[in-house]
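For reference, the structure discussed in these notes is given below.
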Amino acid sequence: MSHIVTIQTEVRDKAAVELACRRLNLPAPLAGRHELFATHAEGLAVWLNDWRYPLVCQTETGQLHFDNYGGRWGQQQRLDEWLQAYAVEKTKLEARRQGYQAYERQLATGEIEVTINAGGAA
């Protein structure tokens, strides 16, 4: 039996943050205090392609901090791609932690389908 699941992502897993960056060929995330134009944020900085300031992930709260100035300092699409990569990597990590196999497939729409094999009857 198959099940369709919708996931609302909170960014709380450092390993999944690192895997999402690696998946998109981004620099490794950097922990610390980071500048966001007129403010600062503490957490893991992710440098998205063509963004002026980093995306800062506060894994303790799941919150993201960034300043892309309404798209002028970074395209929303880059953030969406990274969030998708994070969600896929987090899903696969959790499946493996529970002893399941996870497979992914890129759909023509750009979405990624993740199938988790929990064993038993198909």
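Could you tell me the relative contact order of the chain? Use alpha-carbon pairs under 8 Å, at least six residues apart, and round to a whole percent.
About 20 percent, as a whole number.
With everything on Cα atoms, drop me the angle between helix 14-23 and the longest principal axis of the chain, reported from 0 to 90° to the nearest 10.
The answer is roughly 90 degrees.
How far is helix 76-97 tilted, in degrees, relative to the longest principal axis of the Cα atoms in the chain, given as a value from 0 to 90 rounded to the nearest 10?
Once rounded, one gets 40 degrees.
Considering the options GLY74, TYR86, GLY43, tell which one lies farthest towards the positive end of the dipole of segment 19-98, charges being +1 on Lys and Arg and -1 on Asp and Glu at the Cβ, about the Cα centre.
TYR86
Spin-label point model (7 Å from Cα, Cβ direction): what's the GLN58 to ARG22 distance in nm?
So the label points at GLN58 and ARG22 sit 2.8 nm apart.
What number comes out for accessible area per residue over the chain if the probe is 1.4 Å? Units Å², please.
66
Please sort 56-63, 13-20 by packing, taking for each peptide the average over its residues of neighbouring beta carbons within 10 angstrom, highest first. The partial results should precede the final answer.
Working: 56-63: 16.6, 13-20: 18.8.
In descending order of packing, they fall as 13-20, 56-63.
Assigning unit charges at the beta carbon (Lys, Arg +1; Asp, Glu -1) and nothing else, what dipole magnitude in debye, to the nearest 20, does the chain show about its Cα centre?
About 220 debye.
Could you tell me which label, among (1) 12.1; (2) 8.5; (3) 10.3, carries the value of mean projected area of the Cα convex hull in nm² calculated for this structure?
(2)
Contact order normalised by length for segment 66-122, with contacts defined as Cα pairs under 8 Å and 6 or more residues apart; what percent is it?
Relative contact order, segment 66-122: 22 percent.
Roll a 1.4 Å probe over the protein heavy atoms and report the accessible area of ASP50 in Å², nearest 10.
Probe radius 1.4 Å; accessible area of ASP50 about 130 Å².
The values are calculated or read from the model by the stated rules, or taken from the named source; none is laboratory data. Everything numeric here is computed off the predicted structure, so don't read it as measured data. Positions of Cβ are backbone-derived with ideal geometry, glycine not excepted, and every protein chain shown enters the neighbour counts. Just the protein is used for accessible areas: all its heavy atoms, side chains included, with ligands, DNA and RNA removed. Shrake-Rupley method; radii C 1.70, N 1.55, O 1.52, S 1.80 Å.
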